[in-house]
Structure formats: structure tokens, C-alpha cells
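Chemist: Next up is a structure, given as C-alpha cells.
Every read-out reported here was derived from the displayed coordinates using simple, explicitly stated rules and does not represent laboratory data. Bear in mind that the values here come from a model prediction, so they are computed numbers and not experimental data. Positions of Cβ are generated from backbone atoms using ideal geometry, with glycine treated the same way; all protein chains shown enter the neighbour counts.
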Amino acid sequence: MEVDYENLLKDYLVETRELLDMAEESILELEKDYHPDQINTLFRVIHTIKGNSAIFDFPLITSLAHSFENLLNQLRKKEAKPSDRDVGLFLDCIDALKEMNEGKDSVPDSKVSELVFRINDVLRKEDENLDPDEKPKFGLYSLPKKNKPVKLLPNADGISFKDGKVLIPKSYIAKAEEAGSFLFLVKFQPKNSEDRNCSDVVEKFSDFGLVLSHGNFSGKNGSQSNGHDNKIHYAVIMYSSDKESFLKLSPVSLLSTSTIFKPEAKEINSLSQVRPDCSTQSSTVREVQTKSRDISAENYLKIPLQLLDHMINLAGETIIVRNQLLQKIESYNDPSLLSIVRNLSQLITSSQESVMRTRLQKLESLYKRIPRLIHDLEKTTGKEVELSLVGGEVELDKNIIDSISDPITHMIRNSVDHGIESPEERVLAGKPRKGKILLSASLRGGNVILKVEDDGRGLNIDSIKNKAVERQLITEEEAERKSPEELSEFIFSPGFSTAHVVSSTSGRGVGMDVVKMNFQKAGGTVSVSSNQGGGTSIIATLPQTLSIINCQMVRTSEMLFAIPQQNISELILLDQKSVSYLDKKMVYQLRGHLLPLIDTGEILGLSSDRSRETNDKYIVVVHTEKHKFGMLIEEIENPEEIVVKPLSKDLAKINLYTGAAILGDGNVALILDISGISKFLKLHTNVKEELRTKSVHEIEDREHYLLFSVGKQLFGLDSKFVIRIEQLDPKYFERIMDSVVIQYRGEVIELCRLDRYFNLKEEVRNVERTMILVQTSLGKKGILVEEIHNVVGEIGSFAKNEDQSSGIIGNGIVFGQTVVVINPLIVLEKIGKDPVRQEASSE
């Protein structure tokens, strides 16, 4: 059977990359505290890499891994936390192995030799501290000392001679067979007459192999050698690879090399079968992977990224065709055909969501690199840093993760170099010696919010202001008018830096502008907030995926635009009585708060012959991380899943649009950039506390009650239960057994009424035409009501019921009327067997 070595090599490179990442994590954990599991994992990983590299004839990797393995075994025997010097050596070895894994010629032999020398130096010092009578343990043999007998593997049989030949004990062959290694007998003549026992040569052999015995032909072994210059010496060496590889690594010219034992060659079907028995590679790799991921490898399948990209493109084109089909089918008066098409639409949506998830990757892959970065920065800057990582389980598109990896790294470098003070400065300022850096990720409204926060010195706003004026970015008058938040944005200007000294870490003014540009390329935004003396927070908002997003279609000045749904708080009907002006700016009174209003058509530079007062009917309340405002629009169209297409360079510079979309009717709609519009308008931050996580949660957790009426009774429910509010036409009601349902957006929704459950008086009243859509454990259900009144933040004189099993939470007073506050989930469960008895009727 022909072996596909090219694919085997690809698998080797991928697996080695993962193993080295795992090794780096273990080293950083060992630096904090010694734990046997960490050192054992590290030892197994290096052991696996050594065996695998020998198969593909990478002698430098094999040599370094072997020496590294000896050092780790010494650490296992000590059972103590490694010193800072040892940790530095470990990481240097990992770096060299990574470089060689990415390109086998990328690391010069001299660098590997230097690392091996440093390892041997540590081992030699450790060996000198050992008790002379202490017996060597498995995996490590004492290094030879000059002019001293070399300690060898204890063996009762020993080396013997007969007729000028060396007789190899059976125990040596058995050991090589057990390990799956080659056993060689080499003959050589030493060049250094002062080295009586050939200690230097044997030591060099020990760097990549296991010397079982050595000596000269006049004595039985090295300890009995007379050391004459013309003597021919021998060595019995166990090595993990073949003869050709062994000869390349030989430190001296060999008179002869005899293969005493050669492991049986097995048929190679896969990478795991290729690996030598000595390391039991396949089982070791599985053990390491199981401990690190606790998931069976059979649950995963490697797929080329090009294939995934092609699938996502097809999913996008399918969405466009689906939208076209839905628009065409509306003109046909065939309910059965419409039902089939809507079911097809639902399946396409589910398929698209599944395809998009194939590109999602947990941020853990990015987080793994950060501890090493902090470790290196601590050594470079002399500062002490405590790192906290939160939200590693949050998923993000792989392309986005790749594009923000360098920006996140740069943000953390800046936090350590510019933000965190030295330990002495922090103690004088009354802070802990260790600075804190928090990298967090969270999902909010379909977006991923990334934060890099530190408790350092914060931004020096005065220095930023002076530097901006000095570079003529603004005038002194403009600088005085700008808020601290606006001045902070100058750190994202190209070449902008307030650092007086350029270090190897930062200070050249190159980086933060690239950070902002990379986040914008990924469809996101980045902002900064700071408290001088208290720390700095850099906040980035990113879409979870770039390809397909849910948008609300709106129309203004006879043009169609798309607003991402993750930026929409609510849609409300415009009440001209609530519009007023503050400092010549339009505001809207919304539930006791003033909401800034913008004329969307005017901001976008669109002309209209009709006045705004007669055209604008709705307000789209939108929000960003810092701002909340309303956009006046003329019409609200249907929400759509749209495929994002990139903009031309000219449009991209405007910063009012994030992309474009091809709609089902073939028209093109621009996607509005809500964050860009807020910056263009220079809106002030609505709630400064939104930058603080605690306050954000308090605002999000605050209850808002939706008020509605059935008959003359006023009801209220927490708005968090409400998915959507829709006007319905009773002629589309259908009866299924004792239930009344309606087809809504490709789903069958059961409709329920509250009058019979609450024993409301039977009286002549209007047919309920408004549905409050609620998500229950059994699916979506609709509550039929007569009128929606308002949303209030609190209910006066509110009294909670002790027994809420009936679904009634309590009672209160609003607008002089008694309001019954209900839990819709409990009420809908109770009246599940009491469906709508209202006959379907038409106007």
C-alpha cells in the first residue's frame, strides 16, 4: 500500500503545533506553582514530539527535544517549582521548536547547539549536587565528567571481548527492542589526548542518544582505560532514528558504525501507525488530547477553510434567492403554496445558521497566547501583572479572530507599558504591587463586546491635548471645547504618542491607528475611556459574523436602508406633541427621558420635496455602546436576513455605512453604521455609567412593564417576555380542534384570550386585533388584546401577591386605573386548555 507522506507530514505539523501550545500553557502554570500533572503533561508532549520528528528526519528537532526531555525528567525527580532561569530556558526551547516546526530551516544549528549546551550545563550542575552513590532513575543518565569514570547503565552481563570483537549483552538488545529504537556500536579514535575517558565525545553522543556503554579495546570499559592516544574506543548507543540520521549527528569521525539492532518496520497507514513504539506515540497523543479537551477525537472532522468559505457564499446566495421567491409568492392568492414556501424559508434560515456556525471559534484560541505575552512583558518591563481572562467560551467568526489577534496583542502591550506603573510607584500610590489587566468578552444584542481594562495610571488628558495642538490636529480653542472622551480618541491617530522614551515594547506612535483600522475592517468599532490614576478601558464592539445579518428595513426620503437589529432598542409611532427642542436640537420625551432625535434624510444628505412633519411617522430608537438616540423615518418595512457586501473605498470613508445588501427584488440597500452616525453627530454619552459593567447590568435588569387592555381591564407584563407585537386580521384565524391558530412568519401560533381566565364581564367590545407574541417552554404563543397603551418603568402603589401560582404577580395603579400585573408564562400554561372561542370573522 502506498503511503501518503505529504498528508502525514501535514498532520504532523498541525499536531505538533497543538502540542507545543499545550506545552507552553503547562510551563506558565509551572511558573506559578509545581504540580505533578503539569510536568508530566509537559514531559509526555516533548517525548511525543521527539518520536514524531525522528520519523520525518528532523534531526535538530529530535536532538533538542531529547535534551529538553532529560531536563524535564530531572525536574520530575526534584519535585520542586522550577527557577525563573529554568522557566526562561523552557520557553526558549518551546520557541525554537515552534520555529523549526513552521519551517525546518528557520533555526540555525548554532541556536539549537546553544540551547542544548544550556540544558547540559543545568544538568551538569544538578548532577554535581547529587549523592555519588545515588542510582540514576529511568530516563536520565549521569553525564560524564572529565577524567572521571562515566556512570553507565547498571548491567550484570557487562561488555565482554572475544577475538578482538565486542560482545553485546542480550539485555542491551532487549532494552532497544522494548523502546523500539536502533542500537549502534561505533568505533572512533579520540583527538584530545588529555581526555582520558573520551568524556567530551560521550557527552555529545548523550545529547541525542542514550550511551549504554563505552571504553577502549584494551580494557573492559571506560573506567579501566589507560588512556593511550592510539587506542581505538567504542560506544554502544541507543538512538530513536535510523543510521543515516545518526551519522549526521555524530560529533566525531567514526571508524565504523554497526547496527546491532533494528526495530521491525511496520506497514504505515496513518501517522499514529508511523510512530515508534518507544514513545507509544498514538496512545500518548490521545491521552494528552483527552486530558486537555476531554472530548473524543472522532467527534471532529478537519475540513479545508476554502470549502467552508464556499459553503458560506452559497448560503448567502440562497438567502438572496429565498427573499426573491418570498416577494414573488405574495402576489399569488394561494394559501397552501404560501405555507409551503414559508416552511422552505424556515428550513433555509436554519441551514444558513448551521453553516455560519461552522466558522465560529471560541475565543479560548486567542486567550491561550495572552499569558505568554504577559510573562514576556513582565520580564521586559520589570513590572508585576495579574492577568484575568473572562469569556473564553464566547464564539466569534474565525476570520474576525485572525484579524483582531494582533490588535488585541497591541492593546495589552500598551496597557502594560503605558498603563501599569512600576511596583514602587504603585506602592507609593497606595495600590497593590501587582497591576491588574482584564481581558473580557461578552455577547450583547448579537455583538461581541471585547474589553481590555487595567488599573494603571490612566490617560493623561492634558498631555494628549497638548500633543494634538502641537501636531496641529486641532486648535487651542477647539481643544478647550472638547470633552475628555473626545480628546481620548486622538490616541487612534496615526503616529500619535505621548511617550517620551521609545522602548522595545511601544512608544513610536505606531499601532493604535492600525488597531482601529483592523477593528473597522472586521465590521466593528473601538473606543477608549479612562480615569486618570484609576486605569484605562478600551472597548471594541464586533459582529459575531460578517457574512449574513438580520436587519430592519426602513424607508426615508423614498430610499430604502437597512439597520442591524442588534442596534435597535425599539420602534415607536411618532407623537408630534412629544417633540421639543433643546439648544436648537430636536429631542423626544420618551417615558420621562429626553431622547435625541435626528432627521435621517437630512443627515444622509437626501433631498425631499415633502416636509418632514407630514412624512415622518416612526422613530427607530437605536443604541451603541455609549449612545442612544432616535432616527426619524417614513416607513417601516419587513425585517430581512441580508447578505453583507463590501463598500467601495469612497463610500467606506464616509463612516455612515457598514456595507450594502442585494435585496430580493434586485435593488441595493445600504446598511447604516449606527456607531459611525453617533460619532458624526458628535453625540454626548447618554449614561456615563454604561462604561462600568456593574451599572450596565443594573440598567439591563431594570423592569419595564407593557400596559394593555382587554375589555375595560388594564393589564401589565414584564416587557422582557415580549418577542413582538403585531396587528392581525381575524379573517386569517384558523380553527384546529378546540384551538384557534394563525400562520405567522412560517410558524403556526396558538392564540389565547384572557377574558375567560380572569372572569371578565361579558360585554360588547371590539374584536381583538393585536397579538403579543411570547416565547414559552412549549413554543411561541400569542395573547390577543384590544389595545396597547404604553411601556412604564414602574407601577405606583404596587403590591405583590404572596401566592403567584395563578400567574398574577400583583396589583398597582397607573393613570388612575387599577392594573393587574401577570406572568404570561404561567397564565398561558394555565389557559392552554381554554383556547380562543371567538369565531373567525372579517371586517
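Chemist: Taking Cα pairs under 8 Å and at least six residues apart, what relative contact order does the range 703-833 come out at, in percent?
Modeler: Details: 247 pairs, mean separation 37.8, N = 131.
So the answer I get is 29 percent.
Chemist: Still on this structure, please answer the following. Could you order the peptides 771-783, 35-47 from most to least packed, using the average number of other C-beta atoms within 10 Å per residue? Write out the running numbers ahead of the final one.
Modeler: Details: 771-783: 17.5, 35-47: 19.5.
So the order, starting with the most tightly packed, is 35-47, 771-783.
Chemist: Report relative contact order for the range 362-543 in percent, whole number only (criteria: Cα-Cα under 8 Å, sequence separation at least 6). All intermediate terms of the calculation are to be shown ahead of the outcome.
Modeler: On the way: 309 pairs, mean separation 43.9, N = 182.
It rounds to 24 percent for the range 362-543.
Chemist: Also, quick follow-up: With a point put 7 Å past each Cα toward its Cβ, work out how far residue 83 is from residue 558 in nm, to one decimal.
Modeler: The two pseudo-label positions are separated by 8.3 nm.
Chemist: May I ask you to compute the full-extension gain from residue 826 to residue 790, defined as 0.36 nm times their residue separation minus their alpha-carbon distance, rounded to one decimal in nm?
Modeler: Working: separation 36, 0.36 × 36 = 12.96 nm, distance 2.26 nm.
Working it through step by step, the gained length comes to 10.7 nm.
Chemist: I want the antiparallel fraction of DSSP beta bridges within the range 369-467, as a percent rounded to 5. Spell out each step's value before the answer.
Modeler: Details: 8 of 14 bridges.
If I count the DSSP bridges inside the range 369-467, around 55 percent turn out antiparallel.
Chemist: Show the residues, 5+ positions off or on another chain, whose built amide H is closer than 5 Å to the amide H of residue 597.
Modeler: Counting only residues 5 or more places away or on other chains, the set is 586, 587, 588, 630.
Chemist: Which value in nm describes the separation of the simple spin-label points at residue 760 and residue 10, placed 7 Å from the Cα toward the beta carbon?
Modeler: Here the modelled spin labels are 6.5 nm apart.
Chemist: Size of the dipole of the range 703-833 about the Cα centre, Lys and Arg at +1 and Asp and Glu at -1 on the beta carbon, nothing else charged, in debye to 20? Intermediate results must be reported in sequence, preceding the final value.
Modeler: Numbers: 16 positive and 18 negative charges, 41 e Å.
The calculation lands at about 200 debye.
Chemist: Now for a different question. Of 81/125; 362/720; 645/781; 125/434; 111/231; 50/175, which ones are farther than 24 Å apart at the Cα? All intermediate terms of the calculation are to be shown ahead of the outcome.
Modeler: Values: 81/125 17 Å; 362/720 28 Å; 645/781 36 Å; 125/434 33 Å; 111/231 34 Å; 50/175 18 Å.
Table pairs above 24 Å Cα-Cα are 362/720; 645/781; 125/434; 111/231.
Chemist: For a Förster distance of 25 Å, can you work out the FRET efficiency between the beta-carbons of residue 736 and residue 769, rounded to the nearest 0.05? List each step's numbers first, then the result.
Modeler: Numbers: r = 20 Å, r/R0 = 0.82.
Approximately 0.75, to the nearest 0.05.
Chemist: I want to make sure I understand the PRE zone here: with the label point 7 angstrom from the Cα of residue 92 toward its beta carbon, which residues in the range 14-54 have backbone N atoms less than 18 Å away?
Modeler: Residues passing the 18 Å test: 24, 27-28, 31.
Chemist: Residue 798 to residue 578: extension gain in nm, 0.36 nm per residue of separation minus the Cα-Cα distance?
Modeler: Working: separation 220, 0.36 × 220 = 79.20 nm, distance 2.71 nm.
Working it through step by step, the gained length comes to 76.5 nm.
Chemist: Roughly what would the spin-label model give for residue 173 and residue 704, points 7 Å off Cα along C-beta, in nm?
Modeler: Computed distance between label sites residue 173 and residue 704 equals 8.5 nm.
Chemist: Moving to a separate point now. Quickly rank 532-539, 791-798 as a protection proxy: mean count of other C-beta atoms within 10 Å, highest first. Kindly include the intermediate steps, with their values, before the conclusion.
Modeler: Numbers: 532-539: 18.6, 791-798: 14.2.
My ranking of the peptides, most packed first, is 532-539, 791-798.
Chemist: Take the Cβ-Cβ distance between residue 191 and residue 370 as r, set R0 to 60 Å, and report the resulting FRET efficiency rounded to the nearest 0.05.
Modeler: On the way: r = 50 Å, r/R0 = 0.84.
That gives a FRET efficiency of 0.75.
Chemist: Take every Cα pair under 8 Å in the range 305-358 that's 6+ residues apart, average their separations, divide by the length, and report that relative contact order as a whole percent.
Modeler: 53
Chemist: Using 0.36 nm times the number of residues separating residue 409 and residue 334, minus their current alpha carbon distance, what extension gain do you get?
Modeler: Details: separation 75, 0.36 × 75 = 27.00 nm, distance 5.76 nm.
Taking 0.36 nm per residue and subtracting the Cα distance, the gain is 21.2 nm.
Chemist: Determine, for each peptide in 7-13, 48-54, the mean count of other beta carbons within 10 angstrom over its residues, then list the peptides with the highest first. Write down the numbers at each step before the final one.
Modeler: Numbers: 7-13: 15.4, 48-54: 26.1.
Listed from highest to lowest mean packing, they are 48-54, 7-13.
Chemist: Now, a different point. Using r as the Cβ-Cβ distance of residue 778 and residue 351, and R0 as 35 Å, what FRET efficiency do you calculate, to the nearest 0.05? The partial results should precede the final answer.
Modeler: Working: r = 25 Å, r/R0 = 0.70.
Result of the calculation: an efficiency of 0.90.
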